[in-house]
Amino acid sequence: MAVDDLERGLAGLTASVAAVVWEADQATATIQLISHPVFALTGYRDVHFLGRAGAWLALVPDDERDDLATSWATLRPGERAERVHRVRQADGALAWVRSDVVAADVDGVAVIRGVTLDVTAAVTAQQAQLA
């Protein structure tokens, strides 16, 4: 299979699942790659995030942002972290998400690779049970 075929297949795979797959420069939190399902989750197209330092973290409410950013910035290559946090969507609504990330070294550059899933329904159901 040719490299172009593999890349098209991977792009099709990431676009067909209800998860946002992404990669960011660890030092600047600049999104370098992000899958198209980001629009369904956030209301923003992928180009809103690409190449903009901290664009993903900017969606995280102020009271969660610093803690989340620090947890990702301090990971060493191979270390993983899972966090449930909120993101503000384009329409102003808050969604609960679970981000599973791993730190990696790509050609000498520290990156964070992540998969983010919308868990709003599960969190809402859990909160209703507790109430």
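The values are calculated or read from the model by the stated rules, or taken from the named source; none is laboratory data. Because the structure is a prediction, the values reported are computed rather than measured. All Cβ positions, glycine included, derive from the backbone under ideal geometry; neighbour counts span all protein chains shown. Quick note on the areas: whole protein, heavy atoms, side chains included, nothing else; ligands and nucleic acids left out. Shrake-Rupley method; radii C 1.70, N 1.55, O 1.52, S 1.80 Å.
Per-structure values
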read-out	value
Criterion (acidic (Asp, Glu) and under 21 Å from ALA58 (Cβ atoms)) met by exactly one of ASP105, ASP118	ASP118
ARG86 vs. criteria open to solvent by less than 70 Å² (accessible area, probe 1.4 Å) and in contact with a helix residue (DSSP H, G or I) (Cβ under 9 Å, 6 or more places away or on another chain)	yes
Hits in segment 89-131 (condition: outside any strand (DSSP E or B), open to solvent by 60 Å² or more (accessible area, probe 1.4 Å) and modelled with pLDDT of 95 or more)	ASP91
Hits in segment 25-35 (condition: within 12 Å of the chain's Cα centre (by Cα), aliphatic (A, V, I, L, M) and open to solvent by 60 Å² or more (accessible area, probe 1.4 Å))	LEU33
Residue count, segment 36-66 (criterion: over 15 Å from the mean Cα position of the chain (by Cα) and either open to solvent by less than 20 Å² (accessible area, probe 1.4 Å) or closer than 21 Å to VAL111 by Cα (or both))	1
Scan of segment 42-52 for residues that are under 14 Å from TRP22 (Cβ atoms) and in contact (Cβ under 8 Å) with a residue 12 or more places away in the chain, ordered by number	THR42, TYR44, ASP46, PHE49, LEU50, GLY51, ARG52
Search result, residues across segment 52-84 that are part of a helix (DSSP H, G or I) and under 12 Å from ALA103 (Cα atoms)	SER71, TRP72, ALA73
